[in-house]
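Take a look at the structure set out below.
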Amino acid sequence: MLLHKRKFNPEDDLGFGQQAVIQNQRLINRDGSVNVKRKGLSRFSTSNNYHNLITMGWGKFWLIILTCYFIANIIFASIYVLLGAGSLDGATGNSFFERFMDAFFFSAQTISTVGYGHISPHGMFSNSVAAMESMIGLLAFALATGLLYGRFSRPSAKMKFSKNLLVAPYMENGKGIMFRLANLRRNTLIDLQMEVIFSYNDDVDGKKIRRFLSLELERKRVSILTMSWTVVHPLDDNSPLRDITPESMRETEASFAILLKAFDDTFSQTVHSRTSYQYDEMIWDAKFKPAFDRDDDGRLILDLNKIDHFELV
């Protein structure tokens, strides 16, 4: 690779060690997650349950909540039916299905402590089951409420990064590697700090190892993000990448890890965002199109749909 050698700083390593990348696998996925598959974890381990419930998608989260809710009601309805037809006063069902549905809806009222009063437990056993169910319902709904609050209150950055990394004209007769980002939320991000780590496979004594380089940026910090931010690494004489080519990037399976840290003014906490670009996501000799316009009053308008737009030069 046409890479100007420099002393490697161990602190630039993202934590992946010197393992070479093969088959163009990402170290960091586009959504910011780490592309490492783990083995040896216990199938019945509960240490990651809270993390999984907090970070999983909303669709999967609600599916788990509703599934647990229906399974619990089906189990208690089956118990009431097994206790006999006289276990529930006010149940009017004649067939097995009607008796089961009466027990199911009574269970739903009991587990949520609603209790409309049309159906009530009769006898020691059915009252004991109803008392146990109401206690389980209180604990379960408290747990679900805590998970729901945790998902809403968890501070996170929602950033939109440009789809491609451009090798674009920069300054006079120069070039730079650049990408663009914008905040997808209406909140205010202040004191933003950007770090770009370039990594590639290096051949050392016939063995491929992974090298990491922290790239110097035109601007590493932004006081407040109100519009989009185009992050630039100048390909000048001080850049180790000044003579890179598409072929050399492909041969070494090069990639760029993007690490962003900012302070969220809404949550008053520091938030992070990550993404990555592979060598095949680079567009050579192109530049970004403007992503903002003005209204009739002269007010700036940022169009998030234009963050990815570029043109060849």
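Looking at segment 265-305, which of the residues that are part of a loop (DSSP other than H, G, I, E, B) and touching a residue at least 24 places away in the same chain (Cβ under 8 Å) is farthest from the chain's Cα centre (by Cα)?
285
Would segment 218-226 turn up any residue that is part of a strand (DSSP E or B), polar (S, T, N, Q) and over 25 Å from residue 186 (Cβ atoms)?
No.
Please state which one of 238, 201 is polar (S, T, N, Q), in a loop (DSSP other than H, G, I, E, B) and either in contact with a strand residue (DSSP E or B) (Cβ under 7 Å, 6 or more places away or on another chain) or surrounded by fewer than 14 Cβ atoms within 10 Å (Cβ to Cβ) (or both).
Going through 238, 201 in turn, just one is polar (S, T, N, Q), in a loop (DSSP other than H, G, I, E, B) and either in contact with a strand residue (DSSP E or B) (Cβ under 7 Å, 6 or more places away or on another chain) or surrounded by fewer than 14 Cβ atoms within 10 Å (Cβ to Cβ) (or both): 238.
Could you pull out the residue among 182, 168 that is within 20 Å of the chain's Cα centre (by Cα) and more than 16 Å from residue 259 (Cβ to Cβ)?
The match here is 182.
Does segment 46-57 contain any residue that is within 23 Å of residue 153 (Cβ to Cβ), of a type in the set (Val, Ile, Thr) and assigned to a helix (DSSP H, G or I)?
Checked against the condition, which is being within 23 Å of residue 153 (Cβ to Cβ), of a type in the set (Val, Ile, Thr) and assigned to a helix (DSSP H, G or I), segment 46-57 yields at least one hit.
Among the residues of segment 211-240 satisfying the criterion of being of a type in the set (Lys, Arg) and more than 24 Å from the chain's Cα centre (by Cα), which is modelled with the lowest pLDDT?
211
Mind checking which residues of segment 243-254 are hydroxyl-bearing (Ser, Thr, Tyr) and closer than 19 Å to residue 204 by Cα?
248, 252
Of the residues 243, 308, only one is on the phi < 0 side of the Ramachandran plot, within 30 Å of the chain's Cα centre (by Cα), of a type in the set (D, E, K, R) and not in a strand (DSSP E or B); which?
308
Just one of (1) more than 30 Å from residue 65 (Cβ to Cβ); (2) in contact with a Leu (Cβ under 7 Å, 6 or more places away or on another chain); (3) not β-branched (Val, Ile, Thr) trips up residue 158, so point out which.
Among (1) more than 30 Å from residue 65 (Cβ to Cβ); (2) in contact with a Leu (Cβ under 7 Å, 6 or more places away or on another chain); (3) not β-branched (Val, Ile, Thr), residue 158 violates only (1).
Tell me which residues, restricted to segment 168-198, are touching a helix residue (DSSP H, G or I) at 6+ places or on another chain (Cβ under 8 Å) and surrounded by 13 or more Cβ atoms within 10 Å (Cβ to Cβ).
Listed by number, the residues that qualify are 182, 197.
Count, please, the residues in segment 263-313 that happen to be within 30 Å of residue 24 (Cβ to Cβ) and not hydroxyl-bearing (Ser, Thr, Tyr).
Going through segment 263-313 one residue at a time, the tally reaches 25.
Within segment 149-198, how many residues turn out to be in a strand (DSSP E or B) and charged (D, E, K, R)?
Qualifying residue count, segment 149-198: 5.
The values are calculated or read from the model by the stated rules, or taken from the named source; none is laboratory data. No experiment lies behind these values; they were computed from the predicted model shown. Quick reminder, even Gly has a Cβ in these numbers, built from the backbone with ideal geometry, and neighbours come from all protein chains shown.
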